[in-house]
DNA sequence: GCGGGGCGTTGATGCAGATCAACGGAATAG
DNA sequence: CTATTCCGTTGATCTGCATCAACGCCCCGC
């Protein structure tokens, strides 16, 4: 039931680049780039946090597991997002590529060195942590108190602000990932999406039902946070 | 069903003190102390964050509400805990006194002023935010993927490390607060506690069933994170 | 000290979502 | 191009927790 397929580790990173997060004239920090195949592990929970990552292409999921395989995805990281930033010394989630994904790697040590002297970088680092905290706080409300339809509606609205090109949400992740993010099952996700489609709130564009056009954002929002 | 009693605001704070968080010789920051009656609001979600608070006595709950009254408590703040620290300008939770509570108030502005020049304070502030994030991340796993018994077991183990005096957990909050923290109902909390009592894992000490002695922490832990 | 509301518990019942199952179409490997 | 596996959907059934209800004790105010 809760069996998960083993994921392969990828070998280490290789290339160089620059730090997208800093503003204007900042010293160069040690940078690499690397590509991960779909489903491969980027780092594992409790592993020492050596790098911070930025998504160049693709998508990443970060999650925690219970001993019997139940999984809670904490966040999806899409193009441009930075993840893997820890203030402690080890990662608190496992990170995997949802699809073929290119990452920019920043050596944590070098980043901390820059932060030491640059108040702007320091501020950005803090505001990243704060954003993560805020997201987690909102997600606690969703996981603790929203019903299935509300969760899926909230998910679509979140993705609508993040993966939309020309009004179409192109979901990189499958139903199981969505389910494990929302704390429900993949069947329940599927049923909720079907209901929203039948209600005329959304439309599936492609044949694989991962491309979604929102037809009525107002009504979708009304499925979340009900009166 | 989801009706909540209105909570009264208390007037502003009055007294002075010192900053418990700083290490050793630090400049004095603007400090006040104030007492809140049981159930009174300390600040409200979306309100500008003017102060940071430290619990001197009592306990505080911070929560978010849905429009129909469903409530998710994000954290309980017990003696010594600091809460209300926001990096943005407004509070993201509502805070209420669980019982009669004495708080130390620190003007946010003065704290930021100190942080500007003092790397130690800065580090402490960051590590506080990180602790909050870590707690929220663990709580997402609980809310998304654990069953009722596992949630209550996890709650007891968390409280065991925080409110224990002489091996006895003295819970300041009622069953409804626990339920809204764990994303279940108060009846389910009560039933889980009864089950744990009958299993010999815990014992109610007083007559009001808020004082609990853990008799078998190992078995309690086995109810959480099951194999 | 006494009365009453609040809180915790327990039982009966209901239901949203989990689980089990089957199917069809699409992506992928060869 | 074809075979195979994966993925999303839908239906049937089950179940853990929510809901509804009742009761008794404790605690608080008077």
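The values are calculated or read from the model by the stated rules, or taken from the named source; none is laboratory data. Computed from a predicted model, the values in this text were never measured in an experiment. Cβ placement follows ideal geometry from the backbone for every residue including glycine, while neighbour counts extend to all protein chains displayed.
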In the range A:90-107, which residue that is within 14 Å of chain B (Cβ to nearest Cβ) and out of contact with any helix residue (DSSP H, G or I) (no Cβ under 9 Å at 6 or more places or on another chain) is nearest to residue A:170 (Cα to Cα)? A:95
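One line per residue, one yes/no per condition, for (1) more than 30 Å from residue B:147 (Cβ to Cβ); (2) over 14 Å from the mean Cα position of the chain (by Cα); (3) assigned by TED's automatic domain parsing to the domain that holds residue A:155:
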residue	(1), (2), (3)
A:61	no, no, no
A:80	yes, no, no
A:87	yes, yes, no
A:103	yes, no, no
A:113	yes, yes, no
A:117	yes, yes, no
Among the numbered criteria (1) modelled with pLDDT under 95; (2) on the phi < 0 side of the Ramachandran plot, which one does residue A:24 miss? (2)
Filter the range B:156-178 down to residues that are in a helix (DSSP H, G or I) and crowded, with 21+ Cβ neighbours inside 10 Å and give me whichever is farthest from DNA strand C (Cβ to nearest atom). B:156
Applying the selection to the range A:179-194, what residues are in a loop (DSSP other than H, G, I, E, B) and loosely packed, with under 15 Cβ neighbours inside 10 Å? A:185
Condition met for residue A:115 (buried (at least 17 other Cβ atoms within 10 Å of the Cβ), in contact (Cβ under 8 Å) with a residue 40 or more places away in the chain and within 13 Å of chain B (Cβ to nearest Cβ)): no
Sort out which residues of the range B:123-134 are touching a strand residue (DSSP E or B) at 6+ places or on another chain (Cβ under 8 Å) and at the interface with chain A (Cβ under 9 Å from one of its Cβ atoms), and write them in order of number. B:132
Which of the residues spanning the range A:208-227 are part of a helix (DSSP H, G or I) and within 13 Å of chain B (Cβ to nearest Cβ)? A:221, A:222, A:223
Filter the range A:141-150 down to residues that are within 10 Å of chain B (Cβ to nearest Cβ) and part of a helix (DSSP H, G or I) and give me whichever is nearest to DNA strand C (Cβ to nearest atom). A:150
Filter pass, residue A:183 being within 25 Å of residue A:94 (Cβ to Cβ), more than 19 Å from the chain's Cα centre (by Cα) and within 16 Å of DNA strand C (Cβ to nearest atom): no
Counted residues, the range B:29-64 - those being surrounded by 18 or more Cβ atoms within 10 Å (Cβ to Cβ) and either within 14 Å of another protein chain (Cβ to nearest Cβ) or on the phi > 0 side of the Ramachandran plot (or both): 5
Output the number of residues of the range A:196-208 satisfying the condition of being surrounded by fewer than 15 Cβ atoms within 10 Å (Cβ to Cβ) and within 16 Å of DNA strand C (Cβ to nearest atom). 7
Just to be sure, is residue B:199 within 26 Å of residue A:66 (Cβ to Cβ) and either away from DNA strand D (no atom under 14 Å from the Cβ) or more than 14 Å from every other protein chain (Cβ to nearest Cβ) (or both)? yes
